Amino acid sequence: MLVFRIAHKKYAENLSVSGLSGRWNSNGKLVLYTSENISLALLENMVYRCGTGFNHDYKIMIIEISSKSMEQIDAKKLPKNWRGTEFYSELQNRGDFWYDRRTTLMLKVPSSVLPENHNIIINTTHPDFKNVKLIDVLDYEPDERLEKILKKYK
């Protein structure tokens, strides 16, 4: 299975994680957020960056996972407005429960940007993490049209 991540070049050469909180994890949980395709990784990054824009300092990480150890959270089983920030705590609790159990390497979650698509969260403390490999790092060539959109909302 291949998954994708867009990261600043200083973080793109290895599978390191910060342990900072996200939608599906609280502080201290060492997870790696990835997407099922490059376009979703880009959209997720655009939303996360909140108008800061991209430049040639960003890279596309291609990650290969040989393990099939995965759980999934179905968007239909989440609260109606789960995409809003008011549900962060509940979603973090779900992700933390998965993380702490360490029964699967990956958690497949709906994207808050495009709920029909998925992000794959990888538990870097799971024993199968040794089967996760960074197989390539590609240059990201920013599109001027996207830059204009991002900078408009700065």
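Just so you know, all these numbers are worked out from the coordinates, no wet-lab data involved. Everything numeric here is computed off the predicted structure, so don't read it as measured data. Ideal geometry is used to build each Cβ from the backbone, glycine not excepted, and the neighbour counts take in all protein chains shown.
Summary of values
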quantity: Segment 1-72 and segment 84-113: distance between their alpha carbon centers, rounded to Å; calculated: 15
quantity: Overall form of the chain per C-alpha gyration tensor (a/c, 1.5; a/b vs b/c); calculated: oblate
quantity: Sorted by Cβ density within 10 Å, fewest first, the residues 1, 46; calculated: 1, 46
quantity: Spacing of the two label points (7 Å from each Cα toward its C-beta) at residue 81 and residue 48, in nm; calculated: 2.5
quantity: Under 12 Å from residue 68, Cα to Cα: aspartates and glutamates that are on another chain or at least 8 residues apart; calculated: 128
quantity: Pairwise FRET efficiency - residue 103 versus residue 146, Cβ, R0 = 30 Å, nearest 0.05; calculated: 0.20
quantity: Residue-span extension gain [residue 70 to residue 114] - 0.36 nm each, minus C-alpha spacing; calculated: 13.8 nm
